[in-house]
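The values are calculated or read from the model by the stated rules, or taken from the named source; none is laboratory data. Nothing here was measured: the structure is a model prediction, and the numbers come from that model. Here Cβ is always computed from backbone atoms with ideal geometry, including for glycine, and neighbour counts include all displayed protein chains.
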Amino acid sequence: MDGDTTLGRQRSAGYGYTVQKNIGYVYLPADKTAPGTKLEVEVFGQRVPAEVTPDVLVDPKGEKLKV
C-alpha cells in the first residue's frame, strides 16, 4: 500500500533466515519499483512498513547459515 492506495497483492512471503528479514513478492506498478521505495504491507489487518529492494535478498557466501 502507498498511503490509502492498494498497489497490488502479495504473491508469496516468508522469513529469510540468512538475511534475517521478512521477504514478500508482489507485482508493483513500474513507478513504484525504485529500490528504497517505502510502502506498507497489510498483514492480518495490521499495516507494517516495507521497502523495495534492488534485487533478490541472498547471502551468496552462506556466511549466515546456522549449522
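Scan segment 1-33 for residues that are surrounded by 10 or more Cβ atoms within 10 Å (Cβ to Cβ), of a type outside the set (S, T, N, Q) and either touching a residue at least 40 places away in the same chain (Cβ under 8 Å) or in a loop (DSSP other than H, G, I, E, B) (or both) and jot them down.
Across segment 1-33, the qualifying residues are MET1, LEU7, GLY8, GLY16, TYR17, VAL19, TYR27, LEU28, PRO29.
What tally of residues in segment 1-44 results from selecting those that are β-branched (Val, Ile, Thr) and over 13 Å from the mean Cα position of the chain (by Cα)?
Here is the first cut: in segment 1-44, the residues β-branched (Val, Ile, Thr) are 5-6, 18-19, 23, 26, 33, 37, 41, 43.
From what's left, over 13 Å from the mean Cα position of the chain (by Cα): 5-6, 18.
Total meeting the criteria: 3.
Filtering segment 34-58 down to residues that are assigned to a loop (DSSP other than H, G, I, E, B) and surrounded by 11 or more Cβ atoms within 10 Å (Cβ to Cβ), which residue is modelled with the lowest pLDDT? Steps first, answer last, please.
First, pick out the residues of segment 34-58 that are assigned to a loop (DSSP other than H, G, I, E, B): 34-37, 44-45, 52-58.
Then keep just the ones that are surrounded by 11 or more Cβ atoms within 10 Å (Cβ to Cβ); that gives 37, 52-53, 57.
Working: THR37: 94, VAL52: 93, THR53: 88, LEU57: 72.
This residue is LEU57.
What's the total number of residues in segment 45-61 that are of a type in the set (Gly, Ala, Ser) and more than 9 Å from the chain's Cα centre (by Cα)? Even if it seems obvious, please write down each step before you answer.
In the first step, residues of segment 45-61 are kept if they are of a type in the set (Gly, Ala, Ser); the result is 45, 50.
Cutting the leftovers down to more than 9 Å from the chain's Cα centre (by Cα) gives us 45.
Qualifying residue count for the region: 1.
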